[in-house]
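Trainee: One structure coming up, written as structure tokens, with questions to follow.
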Amino acid sequence: MPKRTANLTINSELLIIARSLNINISSVLEAALTEIVKQKKREKWLEENKDAINVYNEKIDEFGLFSDELRTFTKTQTLKEFSFECYGDAYERWK
């Protein structure tokens, strides 16, 4: 994406320290802003789609998933418990 110049106000002492530590302020701001924008977009999407998500979850609770008969673990079983059953103590040594 093309870059664009932007003016902003920042704590002057913080700016001096960041420059003395050779911190690329533009890169840090862009990375932080990218994460904040991603989180806000996610929150907005979830809010906009919460009704559909709730309806979908209700249908799953009522009818289950097509793969319910195929899975080898229970809904209440944790991944750790499932992994231990399948792989024994190899899971404990691996993690």
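Trainee: Looking at the range 16-28, which of its residues are in a helix (DSSP H, G or I), among the aliphatic types (A, V, I, L, M) and within 20 Å of residue 3 (Cβ to Cβ)?
Mentor: From the range 16-28, those in a helix (DSSP H, G or I) are 16-20, 25-28; that's our starting set.
Cutting the leftovers down to among the aliphatic types (A, V, I, L, M) gives us 16-18, 25, 28.
If the condition is that a residue be in a helix (DSSP H, G or I), among the aliphatic types (A, V, I, L, M) and within 20 Å of residue 3 (Cβ to Cβ), then 18, 25, 28 are the ones that fit.
Trainee: Restricting the range 35-74 to residues that are outside any helix (DSSP H, G or I) and of a type in the set (Asp, Glu), which is nearest to the chain's Cα centre (by Cα)?
Mentor: Looking only at the range 35-74, we keep the residues that are outside any helix (DSSP H, G or I), and these are 64-74.
Narrowing the set further to residues that are of a type in the set (Asp, Glu) leaves 68-69.
Details: 68: 26, 69: 29 Å.
My answer is 68.
Trainee: Another question about this same structure. For residue 57, indicate whether it is of a type in the set (S, T, N, Q) and modelled with pLDDT under 90.
Mentor: Details: of a type in the set (S, T, N, Q): yes; modelled with pLDDT under 90: yes.
Considered against the rule, which asks whether it is of a type in the set (S, T, N, Q) and modelled with pLDDT under 90, residue 57 comes out as yes.
The values are calculated or read from the model by the stated rules, or taken from the named source; none is laboratory data. Note that this is a predicted model, so its numbers are computed, not measured. Every residue, glycine among them, receives a Cβ derived from its backbone with ideal geometry; neighbour counts consider all protein chains shown.
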